[in-house]
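Working notes, structure below.
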Amino acid sequence: MPTQTEAPAAATAQELRFPPDFWWGAATAAYQIEGAVAEDGRTASIWDTFCATPGLVAEGHTGEVAADHYHRYRDDVVLMREIGLSAYRFSVSWPRVQPGGRAGENPAGIAFYDRLVDELLAAGIKPAATLYHWDLPQELEDRGGWTARDTALRFADYAAVVAARLGDRVQLWCTLNEPWCSAFLGYGAGFHAPGRRNPADSLLATHHLLLAHGLAVQALRAAVPSAQVSIALNQGAVRSLTDSAADRDAARRIDGLLNRVYLDPIMTGAYPADVVADTASVSDWSFVRDGDLAVIAAPIDALGVNYYAPDLVSAAATPHEEPSVYPASQDITFHQTPGPRTEMGWTVDPTGLRDVLTTVHRRYPDLPLYVTENGAAYDDKVDADGRVRDGERIAYLRAHLAAAHEAMTAGADLRGYFVWSLLDNFEWAFGYGKRFGIVRVDYDTQQRLLKDSAHWYRDVISAGGIAA
Ligand code: FCB
């Protein structure tokens, strides 16, 4: 077993300054916070359907009300201002803007984001918009979802509509959020909407998501020539359990399917040959048509990295019992990295963030980076005096900011950091049981309460870094 690496000493010992123009942000996603699922013309997304299917989401929770942000966005922007955020990453709900997945636009749906963006700008907060954070219109899923090539074309149309309305004010675009989750958890493992379980479909969905990304980049640039365009990928640090050739090869394969299969075609216009070979038993990749890779490789202005925890893998002699979320990887075992864990069971290991940022930087030195998500769920309690003393979350955030700083010192061009999440919210298949917010949400009253971590983040932002 590898010994666990210590968090960088810098995490607590020294003052860490960030550049004056560094973006201090927080992130959310439409379905996780908005609620109002049937208002102003919005129709169902695959997540509404998934939630309505018994047994798929913890305690039968749904996004029907969520954090009621659709009605409370003004108050939420006031909180962002109180914390001192310089940027806010939100996502746009496709079925609000194009109900039923139909072409054209729903004026009442896009108007919500129009108001939100204006409110942010009035508060001095840069709007960073994600076009797709997993809420595909159900009607498009009924026609094949991400396994249908047409969904990518429909996405380009949707991107053009949003760009035409918000492009004059949005300062950073993310086309997709974590396409790995959409494809592998949604179509391969069935843990996420739409809940399909077909390893071949997860690769087909991967390609169509990447094609959708490339077409959306074109649509954004056509509508807004000065647009700053990125994609948020859950790039991970994949480590091998031992130094054996077999374990190292397992790590190579997972690195291929988690990281390189997404980033390489965008950056180089080709799928990694080893990944195509590794997955030959489930797919011949004949869905890749001439010209697709040139579309996918449209230049981006920055990469968003979402990071939570590292992966530790080994080559196992026997298939493991849990269905593997990775196609053609039944012979690989995932291990828990040693160390403290969050409420999600994810190991706290900031060296993973440092390694991800430095690896991406080494491979693509000119690519500006943002940490578009990073944070931790803990079982927060409101104390009798009305405070949430979430010291573990503060420790997590501090250590990861220090790790990000270390990567910057090593040359990574990191432009900003977005805490996941601004608010406690609907944590997908885990429902409301997992709280990631720096602001607590009381789901009975919808009252917001700044946790200690929000106060701590405010101090970091105002100091431009972490004080000694
Ligand atoms: C990421 C998702 C985000 C949230 C965090 C905890 O994978 O992008 O919506 O669920 O995990």
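The values are calculated or read from the model by the stated rules, or taken from the named source; none is laboratory data. Quick caveat, the model's predicted, so the values are computed rather than measured. Virtual Cβ from ideal backbone geometry, glycine too; neighbours counted across all protein chains shown. Each accessible area value is taken on the protein alone, full model and side chains, heavy atoms only, with ligands, DNA and RNA left out. Shrake-Rupley method; radii C 1.70, N 1.55, O 1.52, S 1.80 Å.
List the residue pairs whose Cβ atoms are under 7 Å apart, where the first residue sits in the stretch 174-199 and is among the acidic types (Asp, Glu), the second is open to solvent by 10 Å² or more (accessible area, probe 1.4 Å), and the two are 6 or more positions apart or on different chains.
GLU178/ASN234
Can you give me the number of residues within the stretch 402-443 that are charged (D, E, K, R) and part of a helix (DSSP H, G or I)?
The number of residues fulfilling the criteria is 1.
Could you pull out the residue among ARG74, ARG115, ARG143, ARG149 that is of a type in the set (D, E, K, R), in contact with a His (Cβ under 8 Å, 6 or more places away or on another chain) and open to solvent by 40 Å² or more (accessible area, probe 1.4 Å)?
Within the list ARG74, ARG115, ARG143, ARG149, the selection yields ARG149.
Scan the stretch 145-155 and give yes if some residue there is of a type outside the set (A, V, I, L, M, F, W, C), within 23 Å of PRO54 (Cβ to Cβ) and away from the ligand (no atom under 16 Å from the Cβ), otherwise no.
Looking for residues that are of a type outside the set (A, V, I, L, M, F, W, C), within 23 Å of PRO54 (Cβ to Cβ) and away from the ligand (no atom under 16 Å from the Cβ), one finds at least one in the stretch 145-155, hence yes.
Does the stretch 407-425 include one or more residues that are away from the ligand (no atom under 16 Å from the Cβ), out of contact with any strand residue (DSSP E or B) (no Cβ under 6 Å at 6 or more places or on another chain) and free of Cβ contacts under 8 Å to residues at least 40 places away in the same chain?
Yes, because at least one residue in the stretch 407-425 is away from the ligand (no atom under 16 Å from the Cβ), out of contact with any strand residue (DSSP E or B) (no Cβ under 6 Å at 6 or more places or on another chain) and free of Cβ contacts under 8 Å to residues at least 40 places away in the same chain.
Tally the residues that are outside any loop (DSSP other than H, G, I, E, B) and within 16 Å of the ligand (Cβ to nearest atom), restricting the search to the stretch 361-395.
So the answer is 7.
Residue by residue through the stretch 294-318, note down the ones that are open to solvent by less than 40 Å² (accessible area, probe 1.4 Å), among the aliphatic types (A, V, I, L, M) and either out of contact with any Phe, Trp or Tyr (no Cβ under 9 Å at 6 or more places or on another chain) or away from the ligand (no atom under 16 Å from the Cβ) (or both).
The answer is VAL295, ILE296, ALA297, ALA298, ILE300, ALA302, LEU312, VAL313, ALA316.
Every residue in the stretch 335-348 that is within 16 Å of the ligand (Cβ to nearest atom) and either touching a residue at least 40 places away in the same chain (Cβ under 8 Å) or of a type outside the set (Phe, Trp, Tyr) (or both), please.
Matches in the stretch 335-348: ARG341, THR342, GLU343, MET344, GLY345, THR347, VAL348.
State which residue is farthest from GLY214 (Cα to Cα) when the search covers only the stretch 118-140 and only residues that are assigned to a helix (DSSP H, G or I) and open to solvent by 40 Å² or more (accessible area, probe 1.4 Å).
ALA122
Restricted to the stretch 9-67, and to residues that are hydroxyl-bearing (Ser, Thr, Tyr) and surrounded by 23 or more Cβ atoms within 10 Å (Cβ to Cβ), which residue is nearest to the chain's Cα centre (by Cα)?
Filtering first and then ranking leaves THR28.
So the check is Cβ under 6 Å with 6+ separation or different chains; which pairs have a first residue in the stretch 73-100 that's more than 21 Å from VAL419 (Cβ to Cβ) and a second one that's assigned to a loop (DSSP other than H, G, I, E, B) and among the small types (Gly, Ala, Ser)?
Going by the 6 Å Cβ cut-off, the qualifying pairs are PRO99/GLY41.
Take the stretch 331-347 and flag every residue that is open to solvent by less than 40 Å² (accessible area, probe 1.4 Å), assigned to a loop (DSSP other than H, G, I, E, B) and touching a strand residue (DSSP E or B) at 6+ places or on another chain (Cβ under 7 Å).
THR337, GLY339
Looking only at the stretch 212-228, count every residue that is buried (at least 24 other Cβ atoms within 10 Å of the Cβ) and within 13 Å of VAL170 (Cα to Cα) and tell me the total.
1
Picking from VAL161, VAL170, which residue would you name as being in contact (Cβ under 8 Å) with a residue 24 or more places away in the chain, among the hydrophobic types (A, V, I, L, M, F, W, C) and part of a loop (DSSP other than H, G, I, E, B)?
None of the others qualify; the one that does is VAL170.
Select from the stretch 426-455 the residues that are out of contact with any strand residue (DSSP E or B) (no Cβ under 6 Å at 6 or more places or on another chain) and more than 16 Å from the ligand (Cβ to nearest atom) and write down the one among them that is most open to solvent (accessible area, probe 1.4 Å).
If we take residues in the stretch 426-455 being out of contact with any strand residue (DSSP E or B) (no Cβ under 6 Å at 6 or more places or on another chain) and more than 16 Å from the ligand (Cβ to nearest atom), then ASP444 is most open to solvent (accessible area, probe 1.4 Å).
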